[in-house]
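See structure below.
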Amino acid sequence: MRRWILTLLLGCGLAMSAGAQDADSDPQAVVRETTREVLAALETHREEIQGDPRAVYRYVADLVLPRFDFELMSRFVLGRHWQDASADQQQRFVEEFRRLLVRTYGTSLSEYSGQEVEFPAARTEGQGKRVSVPTEVVQDKGPNIPVDYKLYRNESGAWKVFDVVIDGVSLVQNYRSSFGTDVSRNGLDALIERLAKRNAERGVPGSDD
């Protein structure tokens, strides 16, 4: 779990300059520059982050979310259950899944302890419509941890993240496995309610907050 926490935080680097970056920019260049900016910001605001976890959630929501396609990720995570869900269930799941990742990234921020990041060459996929941007988290002790960001270019030309692969483990597939079991046993509404309860208990803001 600690390995997930230490590496998930690097996703924050995808969004710091989302508004300022050209939609046609090289996705690896965007990841490299914005990761650098976010890590610098974490150092600057270390005391604030350690002292107020709930403030971290809003910080993450402002910086990370613009680069992720949560509806597409939700479709992948729910798999066949997405097609069986009503429009209201789909909307509520997307919202609570978004808040779950805010909570996860918020925890990541509070765990950051100065790790550096390296950037191997990016790999294009799907006839250039998708790209895998690899990074490696440098550890003082032990091997580097590979973190690959899966992005696609949407209809407006912007690059959006639809998966993060950490040390060979897909974030989407990981949640698909655990959530799929929950939905099969207890139904989608029960899963949504459980996520909503945990998100509320942790003080994670909603999209309208």
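The values are calculated or read from the model by the stated rules, or taken from the named source; none is laboratory data. This structure is a prediction, so every number in the text was calculated from the model and none was measured. Accessible surface is based on the protein model in full, side chains and every heavy atom, while ligands, DNA and RNA are left aside. Shrake-Rupley method; radii C 1.70, N 1.55, O 1.52, S 1.80 Å.
Remark: accessible surface ordering of GLU125, GLU43 (largest first) is GLU43, GLU125, probe radius 1.4 Å. Among all the lysines, which ones have a C-alpha under 29 Å from LYS197's C-alpha, if same-chain residues fewer than 8 places away are not counted? Candidates past the 8-residue exclusion: LYS160. Database remark: amide H of ARG130 closer than 5 angstrom to the amide H of GLU125 (H placed geometrically; neighbours at sequence offset of 5 or more, or on other chains; Pro and chain starts carry no H). Accessible area of THR181 (1.4 Å probe, protein heavy atoms only, ligands and nucleic acids ignored): about 60 Å².
What the phi angles of segment 119-125 give under the Karplus curve with 6.51, -1.76 and 1.60, with θ = phi - 60°, is a coupling list of 10, x, 5, 6, 10, 7, 9 Hz, glycine and proline written as x.
Annotation: extensible slack from ASP182 through ARG80 equals 35.4 nm (criterion: 0.36 nm per residue apart, minus Cα-Cα distance).
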